[in-house]
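What follows is a single structure, written as structure tokens, with notes after it.
The values are calculated or read from the model by the stated rules, or taken from the named source; none is laboratory data. Just so it is clear, the structure is predicted and the values come from calculations on it, not from any experiment. In this analysis, Cβ positions are derived from the backbone assuming ideal geometry, glycine residues included, and neighbour counts consider all displayed protein chains. When the accessible area is computed, the model is the full protein with side chains, heavy atoms only, and any ligands, DNA or RNA have been set aside. Shrake-Rupley method; radii C 1.70, N 1.55, O 1.52, S 1.80 Å.
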Amino acid sequence: MAMLRRILLLAGLASWLSLAAGAGAVVELTDENFDKETATGVWMIKVYAPWCSHCRQLEPLWQVFAEEAAADGVKVGKIDGTKERAMMARLRISAFPSIFLLREGRTYVYEGARNVASFRAFATSSYQAAKPLPFHRAPNSILGRAMGRLHSLPKLGMRLYRRLRDTHNISDTSIVLGFLAVPVAVGGLLICCLDAFYVRRARDEFGPEHEHQE
């Protein structure tokens with residue numbers, strides 16, 4: 001009985017340590033998971049490049065910040081700017097590393113000192129002295145998330161193309177024709193809808209006897 005109690009205690013301790021470690025982990029954000037991950041909560045994110053020496057110097061500090069920020073209820077993430085092209089466009093990155101705070105549908109650019117204390121202060125309080133990005137540029141605003149969907153369309157198209165080619169063995173010609181058929185079908189449907197609308201409008205205004213007048 002005593003042995004069973006010890007085993008349960010050790011299992012509980014291991015589970016608690018695992019959760020504690022996970023709470024302070026830096027989340028790898030991508031074009032695909034950015035909107036889902038950042039939909040709730042306060043986030044500090046950095047955009048980096050593996051070849052950037054300043055980014056490499058920041059990496060250990062960023063990990064320590066993630067561990068300490070968990071106590072403030074702040075989540076910490078990072079984006080590889082060399083891979084996630086849609087996020088690069090949405091955030092309009094011009095230099096590495098770039099650091100942002102995402103809070104309550106607003107985005108703030110961090111331009112302070114690169115140390116853990118300054119990161120924590122900005123994420124929790126000093127951001128109030130900074131001016132957020134305009135609504136149309138904030139990646140976590142309603143418009144920003146809608147633009148994110150548009151930016152991700154090329155990557156989604158390539159993923160669909162590979163699945164059709166590799167999984168279903170469909171030829172490139174058939175795939176291209178299929179993609180071209182979509183806008184043609186949508187355009188034809190739109191024309192039919194407009195034609196039906198204006199014919200009905202003419203019938204309502206002039207009567208059925210004027211539908212086919214030249």
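State whether one or more residues within region 71-88 are at pLDDT below 90, under 28 Å from F135 (Cβ atoms) and out of contact with any strand residue (DSSP E or B) (no Cβ under 6 Å at 6 or more places or on another chain). Yes, region 71-88 contains at least one residue that is at pLDDT below 90, under 28 Å from F135 (Cβ atoms) and out of contact with any strand residue (DSSP E or B) (no Cβ under 6 Å at 6 or more places or on another chain). Checking K83, K75 one by one, the residue that is open to solvent by 50 Å² or more (accessible area, probe 1.4 Å), under 19 Å from N33 (Cβ atoms) and assigned to a strand (DSSP E or B) is K75 and no other. The single condition among (1) β-branched (V, I, T); (2) modelled with pLDDT of 85 or more; (3) not in a loop (DSSP other than H, G, I, E, B) that I7 does not meet is (2).
Candidates in region 46-62 are the residues that are in contact with a strand residue (DSSP E or B) (Cβ under 8 Å, 6 or more places away or on another chain) and of a type in the set (F, W, Y); of these, the one that is nearest to I93 (Cα to Cα) is Y48.
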